[in-house]
Structures are given as structure tokens and as C-alpha cells.
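Trainee: One structure follows; several queries about it will come next.
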Amino acid sequence: MTLLSLPEGVLSNQGLADLTSWKVGGIAEYLGEPRNCQQLVDMVQWAGAMGLAIHPMGAGSNLLVSDDGVTGLCLCLRHLQGCHWDASTGLIQAQAGEPLPRLARKAAQLGLHGLEWLAGIPGTVGGAVAMNAGAQGSCLAEWLVDAQLLEPSTGRYWHWRRQEMDFGYRHSVLQEMAAAQTPWIVLSARLHTNPGHNPQHLLETIKAGLAQRTKTQPYHLPSGGSVFRNPLPQKAGQLIEALNLKGQRLGGAQISTVHANFIVNVGGAKAEHIQALIHLVQERLMDEKGIGLTTEVKHLGTFD
Ligand SMILES: Cc1cc2nc3c(=O)[nH]c(=O)nc-3n(C[C@H](O)[C@H](O)[C@H](O)COP(=O)(O)OP(=O)(O)OC[C@H]3O[C@@H](n4cnc5c(N)ncnc54)[C@H](O)[C@@H]3O)c2cc1C
């Protein structure tokens, strides 16, 4: 492989919108979609040799990608799927790209209790570790035993236990590494669950959770999930609703009429519209209540 030839699985100038749940965003200078770990390592080495920044992505369900695109190598790990199940101990090893809803459902079918809350979160295992995804009073940190990580700058593999991940509310140490332009990549995660439960009961819990979500959140339209972190103990959605901002629209982006902490793409939205609504909410809440909101969604690429 010469420095200038692209590794297998990497393409230049690829649109990212279809790789995000918001369906917005521009072009990646390079997009890598590894099908196995060796391909991933080759891509990471190539990016290092080319001096390119690396941006890990899962299902893109928590990402706002700039309309101006992203320089460097976007590494979409959604194809690194698969799980190893031990139904007797309840231990699961899941690859980074494993979809969370499938993981939750399969665990329930095997009578493994604990991950039912993941069924409504449209991300991957890697994204859930990075974000410490949570719902229904639970979060990934509660169930993670350890994660296998790749350090791109050295090509070294690490196993980090839960205690080393600095988990907090929608936070892990991986976010700090990414913010410092030295992202590490989650390759897989080991999760513990409680074995020996009735699969039917677990599947019913999943069904009820999904029904509750579709009633209270705008699942029928493209979105990035909750846009803002809750300024605990307050809820961002309630604060935004109190400002009468539900339904506020800019271009194809709208503050959801169903749940005020969601901004939905009602058709033809651009990242700049979503970003402008984010700013509008932040300014109004600061001006009128003195409350600063920060985003839960991660930005990729440059924004004004
Ligand atoms: C309709 C809807 C409902 C949602 N509901 C919830 C909810 O209830 N609870 C909740 O917590 N979230 C929710 N989300 C947000 C989102 O699904 C979660 O944050 C999810 O964990 C993101 O996973 P992802 O694979 O899509 O990550 P992405 O959006 O692709 O990436 C998110 C962050 O994780 C990093 N990342 C992704 N994969 C890796 C990896 N393998 N290694 C290192 N870093 C990585 C990215 O660099 C980025 O910083 C919702 C989103 C939508 C659209």
C-alpha cells in the first residue's frame, strides 16, 4: 500500500447525511466503513501516515454533521456487528457496530434481564459506550464490564474496565479524548446481565417501553434524539416548552411539537437550520431564565 492509495473500504468525498438519523450534513473528505478489525487498523494507520484527523461514528443517531462537510477520515463502524452470548452467566460480548435495539431484543429472548431499556435507542454499542447512553432510569455504565479500545496513534489495543471510563450523565472519558482530537475507538464491549428470566416478560417490558416512547417522542420524523443535556434536576424539554418554542420552525427544521427537546427534520432541513434553532433555544433560555443549556448531540465538522 503506497501512502496515496486508499485502503480497502475507504472512499473519498462521500455524503454523510444518510449515515445520520437527522439526514443532514455534507461530504466527508474520506469515509471508511471497515468490515473487520484488520481493515479498521489499516484505515487508522493510513490516516496516521496521511496526517488525517479521525472521527469515529456509529449509527449517527447523536450527530449533527456540518453542511460544509468534514475533513479527515470519518470511520463508520456500523458494519462491525455480532455478539457472543453466555446465557448461563449472562455475560455478553458485543461488537461496536451492533445495533442497540437488536442487542436488547436478543438478550430478552435469551432470558437475560437488564438491557430492555436499550431497545428504543437507535444507536450502536460503540456509540452507547462513548455517550453512556441511558433511558428509563438505567444507563450503559451500569451494565458495562469492560470495553476493548483501539488507540489510533499507536495501534495498541486496551481493555478498560467500567471504573476507568469516567462515566457520568451522558459522559465518558472517550468524549474528552475526542474533544482533544485524539479519539480512541470502541471495538467491543462486555456487558453483564441477569440470566434466567422469563423471555416473554422481558419482551413485554420492551414493547411497553417502545409504546411509551412513540407516544411521547417524535419517532416518525428524522431527529438526533434529545438535543440538549438536562440541566439537572430540571428537564430541558420542559424548560423549552415553557418558552412556547414547540413548533418553532426554520427551513426544514422544527422544534418538535411532540417533545420540545427534539428538533425534527420535517423535510429538507439543513444542519445550519438545526444549529440556528439550537442557538435560539440557548439564547432565549439564558435571556429569560438565566439557564445555560449545552448540547447532548455531538457536532461533526465546523459550525459558525
Ligand atoms: C429517536 C432517537 C431516540 C434517542 N433516544 C435516546 C435515549 O433514550 N437515550 C440516549 O442516551 N440516547 C438516545 N438517543 C441518542 C443516540 O441514539 C445515543 O446517544 C446513541 O448511544 C448514539 O449511538 P451511535 O452509534 O448512533 O453514535 P453516533 O451518533 O454515531 O456517535 C455519537 C458519539 O459517539 C462516538 N462514537 C460512536 N461510535 C464510537 C466508537 N465505536 N468508538 C468511539 N466513539 C464512538 C462518536 O464519535 C460521537 O462522539 C436517541 C436518538 C434518536 C435519534
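Laboratory data are not the source of any read-out in this text; all were calculated from the coordinates shown. The structure displayed is predicted, hence computed values, not measured ones. As a convention, Cβ positions derive from the backbone with ideal geometry for all residues, glycine included, and neighbour counts pool all protein chains shown.
Trainee: Report, by chain and number, residues whose modeled amide H sits under 5 Å from the one on Thr257, excluding near sequence neighbours (fewer than 5 apart, same chain).
Mentor: Gly247
Trainee: Test of understanding: in a Gaussian network model of the chain with alpha carbons linked when under 10 Å, which of Ala107, Ala242, Ala269 would top the mean-square fluctuation ranking?
Mentor: Residue with maximal mean-square fluctuation among Ala107, Ala242, Ala269: Ala242.
Trainee: From the convex hull of the Cα coordinates of the chain, what is the mean projected area in square nanometres?
Mentor: 15.4
Trainee: Under 13 Å Cα to Cα from Lys207, which aspartates and glutamates show up? Leave out anything in the same chain fewer than 8 places away.
Mentor: Of all the aspartates and glutamates, those that pass the test against Lys207 - Cα under 13 Å, at least 8 places apart if same chain - are Glu116.
Trainee: Right, next: For region 83-216, build the charge dipole from Cβ charges (+1 Lys, Arg; -1 Asp, Glu) around the Cα centre, then report which of Ala94, Leu115, Ala141 sits farthest towards its positive end.
Mentor: The listed residue farthest towards the positive side: Leu115.
Trainee: Karplus couplings for region 45-58 from phi (6.51 cos²θ - 1.76 cosθ + 1.60, θ = phi - 60°), rounded to Hz, Gly and Pro as x?
Mentor: Along region 45-58, the couplings run 5, 4, 4, x, 5, 8, x, 8, 5, 10, 10, x, 9, x Hz.
Trainee: For region 188-223 and region 114-160, compute the distance between their C-alpha centroids and round to whole Å.
Mentor: Here the two parts' Cα centres lie 16 Å apart.
Trainee: Taking the chain as a Gaussian network, Cα atoms linked when under 10 Å apart, which of Ala178, Ala28, Ala253 shows the biggest mean-square fluctuation?
Mentor: Ala178
Trainee: Looking at region 203-232, which trypsin sites (Lys or Arg not before Pro) are DSSP coil and have at most 16 other C-beta atoms within 10 Å of their C-beta?
Mentor: Numbers: sites: Lys207, Arg213, Lys215, Arg229; in loops: Arg229.
Hits after loop and neighbour filter: Arg229.
Trainee: Thinking of region 93-153 as a set of Cα atoms, what percent of all their pairs are more than 15 Å apart? Write out the running numbers ahead of the final one.
Mentor: Working: 861 of 1830 pairs.
The share of Cα pairs beyond 15 Å in region 93-153 comes to 47 percent.
Trainee: Rounded to the nearest 500, what is the 222 nm mean residue ellipticity of the chain from helices alone, with -39500 (n - 2.57) per DSSP H run of 4+ residues and division by all residues? Intermediate values should be presented prior to the final figure.
Mentor: Numbers: 7 runs with 82 residues, N = 304.
Per the formula, -8500 deg cm²/dmol.
Trainee: Show me, for region 74-87, the HN-Hα J-couplings you get by feeding each phi into the Karplus relation (A = 6.51, B = -1.76, C = 1.60, θ = phi - 60°), rounded to Hz, glycine and proline as x.
Mentor: Calculated HN-Hα couplings, in order: 7, 10, 8, 9, 4, 8, 7, 10, x, 9, 10, 10, 10, 5 Hz.
Trainee: Something else about it: Given springs between every Cα pair under 10 Å in a Gaussian network model of the chain, which of Thr71, Thr124, Thr216 has the largest fluctuation?
Mentor: Among Thr71, Thr124, Thr216, the largest GNM mean-square fluctuation belongs to Thr216.
Trainee: A further question on this structure: Under 16 Å from the Cα of Lys298, which aspartates and glutamates turn up, not counting those fewer than eight places away in the same chain?
Mentor: Leaving aside aspartates and glutamates fewer than 8 places away in the same chain, those within reach of Lys298 are Asp67, Asp68, Glu176, Glu272.
Trainee: List every residue whose amide H lies under 5 Å from the amide H of Gly25, counting only residues 5 or more places away in sequence or on a different chain, with H placed 1.01 Å from N in the peptide plane.
Mentor: Under 5 Å from the amide H of Gly25 lie the amide H atoms of Ala271, each far enough along the sequence or on another chain.
Trainee: Once you've got the Cα coordinates, tell me which of Lys246/Lys289; Lys23/Lys289; Lys106/Lys246 are over 28 Å apart. Working shown, then result.
Mentor: Values: Lys246/Lys289 17 Å; Lys23/Lys289 32 Å; Lys106/Lys246 36 Å.
In this structure, Lys23/Lys289; Lys106/Lys246 exceed 28 Å between Cα atoms.
Trainee: Compute and list, largest first, the equivalent-ellipsoid semi-axes of region 212-304 from the alpha carbon gyration tensor, each √(5λ) rounded to a whole angstrom.
Mentor: Values: eigenvalues 68, 55, 30 Å².
Each semi-axis is √(5λ); the values are 18, 17, 12 Å.
Trainee: I'd like the Karplus ³J(HN,Hα) series for region 284-299: coefficients 6.51, -1.76, 1.60, θ = phi - 60°, whole numbers in Hz, and an x wherever there's a Gly or Pro.
Mentor: Whole-Hz 3J(HN,Hα) from phi for region 284-299: 5, 5, 5, 4, 8, 10, x, 10, x, 9, 10, 7, 8, 5, 9, 8.
Trainee: Using amide H atoms built in the peptide plane, which far-off residues or other-chain residues are under 5 Å from Thr20 H to H?
Mentor: Distant-sequence amide H within range of Thr20: zero hits.
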